[in-house]
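In what follows, a single structure is set out as structure tokens and then discussed.
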Amino acid sequence: MTNDVSFAAPSPGPSAPLTSAPLTSPAVPQPEQRRILRTALPGPRSRQLQRRRDAALPNGLGVTLPVFVERAGGGVLVDVDGNHLIDFASGIAVTSVGASAPAVVTRVREQAARFTHTCFLVTEYDGYVEVAERLNALTPGDHPKRTALFSTGAEAVENAVKIARAATGRPGVVVFDHAYHGRSMMTLAMTAKEVPYKSGFGPFPGEVHRAPYACPLRGPGGPGGVAEQALAALRELLERVGADTVAAVVVEPLQGEGGFVVPAPGFLAGVERIAREHGIVLVADEVQAGMGRTGTVFASEHEGIVPDLVCTAKALGGGLPLAAVTGRAELMDAVAPGGLGGTYAGNPVACAAALGVLEMLADGTLLHRARRIERTVREQLEPLAAELPAVAEVRGRGAMMAVEFVRPGSLEPDAELARAVAARCHAEGVLTLVCGTYGNVIRLLPPLVIPEDLLREGLDVLAASIRSAS
Ligand SMILES: *Cc1c(COP(=O)(O)O)cnc(C)c1O
């Protein structure tokens, strides 16, 4: 039925067959894959544009590095002053296949020339169906599935909540400490961090309950280990609020904005077990960690959990806005016709881009590449954790790696140091992002297609920045 895909059968495993998705194409020239600094950063043309930006845009829009990009691709961003920066951000885990991958660009051009929009709720097109079929086949579990498309990660998470509520007739939603689920009102209620995301924007929708996440570094500690303690707290929470009032447990299988926290082993499987016991819908928010980022297509695969609903976005659209909820057919079909959708949801140009991403992913080399990136990052950064007391941990999976900074001899977060390290990297032309509930984590999200030598050069700059700042 839904698994009847029309090209190269996708396989989530590392041994997926190789197909021939083009990584280079004369029609889509890639910027030179080299770090080149022609000016101090930001350069004069970026500074000039920044003045216009400051006069025209509100304060609430922050920026990590105020350079204006002219072109990008592979592992490089080229700014308007001709500087080539090493990209360790991928536009926040979006351009995993590169910011101008031929497999994406050629499909986008072709689709845009045919038509840009119909609204899928008005008249339909096959790209939407094909993306849905591929996600139904790729997501964990071989039960019958359905996929609905949206435009943003927040929208996908909101719709997963709507679907879970419609299917169960229950109102409650359980989320976790350090969680990030988006910036819409419902997803802000689900997001943990107050400043800058939530403060001043409330009140938020109710019926959102928060349980501890099993953070190996920060607990919860106690007998039996971190996973055991976190699961006990989840059970206690469900008892307190009444498990039969809870529609969904929404969990990031590897936390993103919250600090790239890999949950203690056994935690995800325990959450799955508890959800099943109580007829609660298990929703995996794979918006950041999914689509090959962690070395498997979905981060849920690392613990073999089979979520009832999976939310994807970010890397799915290869830079175009596309998000999805994929899940058990009987849950997805619980919403009556007209209950799901949106004007732009599943836009045809974004679907064309996603088919390029999905084709590249089916190839298997990108998953291999993500695991290779992890090895290189560990090889270059783990010695720092042994050497410098300010480096608490190098952690992550695949191409989703992070370094956490603390005051030496304690677990007290050192956000100032993380900011100083990022600033040094930026000055040297290496774009890094800070994350974490306490703002003390540098996260690395290079495009999966970054050349190995560029990755190593960027990591050298990062390591030198950590040494000189700490
Ligand atoms: C980014 C993110 C979201 C929100 O996605 P948007 O496209 O920004 O709305 C939701 N969940 C996770 C885990 C994310 O990283």
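The values are calculated or read from the model by the stated rules, or taken from the named source; none is laboratory data. Note that the structure is a prediction, hence the values are computed from the model and not measured. Positions of Cβ are generated from backbone atoms using ideal geometry, with glycine treated the same way; all protein chains shown enter the neighbour counts. Surface areas here come from the heavy atoms of the whole protein model, side chains and all, with no ligands, DNA or RNA. Shrake-Rupley method; radii C 1.70, N 1.55, O 1.52, S 1.80 Å.
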Just to verify a number: what accessible area does Thr343 come out at with the full protein assembly present, 1.4 Å probe, Å² rounded to tens? 90
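By accessible area of protein heavy atoms, probe 1.4 Å, what ranking do Lys193, Lys198 get, highest first?
Accessible-area ranking of Lys193, Lys198, largest first: Lys193, Lys198.
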Quantify, in whole percent, the carbon and sulfur part of the accessible surface of the range 104-361 (1.4 Å probe; protein heavy atoms only). 55
Using square roots of five times the C-alpha gyration tensor eigenvalues, list the equivalent-ellipsoid semi-axes of the chain in whole Å, biggest first. 32, 29, 21
Where the only charges are on Cβ atoms (+1 Lys, Arg; -1 Asp, Glu), what is the dipole of the range 104-361 about its Cα centre, to the nearest 20 debye? 440
Size of charge dipole - the range 218-366 - debye, nearest 20, with Cβ of Lys, Arg +1 and Asp, Glu -1, no other charges: 220
Dipole axis of the range 104-361 (+1 Lys, Arg; -1 Asp, Glu on Cβ), positive-most option in Ala313, Leu188, Val157: Leu188
Rounded to whole Å², per residue accessible area for the range 104-361 with a 1.4 Å probe reads 35
For the chain, with +1 on Lys and Arg beta carbons and -1 on Asp and Glu, the positive-most of Gly206, Ala415, Leu85 along the dipole: Leu85
Treating only Lys and Arg (+1) and Asp and Glu (-1) as charged, each at its beta carbon, one finds that the chain has a dipole about its Cα centre, in Debye to the nearest 20, of 980
Of Ala390, His143, Tyr128, which is farthest along the charge dipole of the chain in the positive direction, counting Lys and Arg as +1 and Asp and Glu as -1 at C-beta? Ala390
Alpha carbons only, please: Rg and Dmax for the range 195-241, in angstrom. 13.9, 39
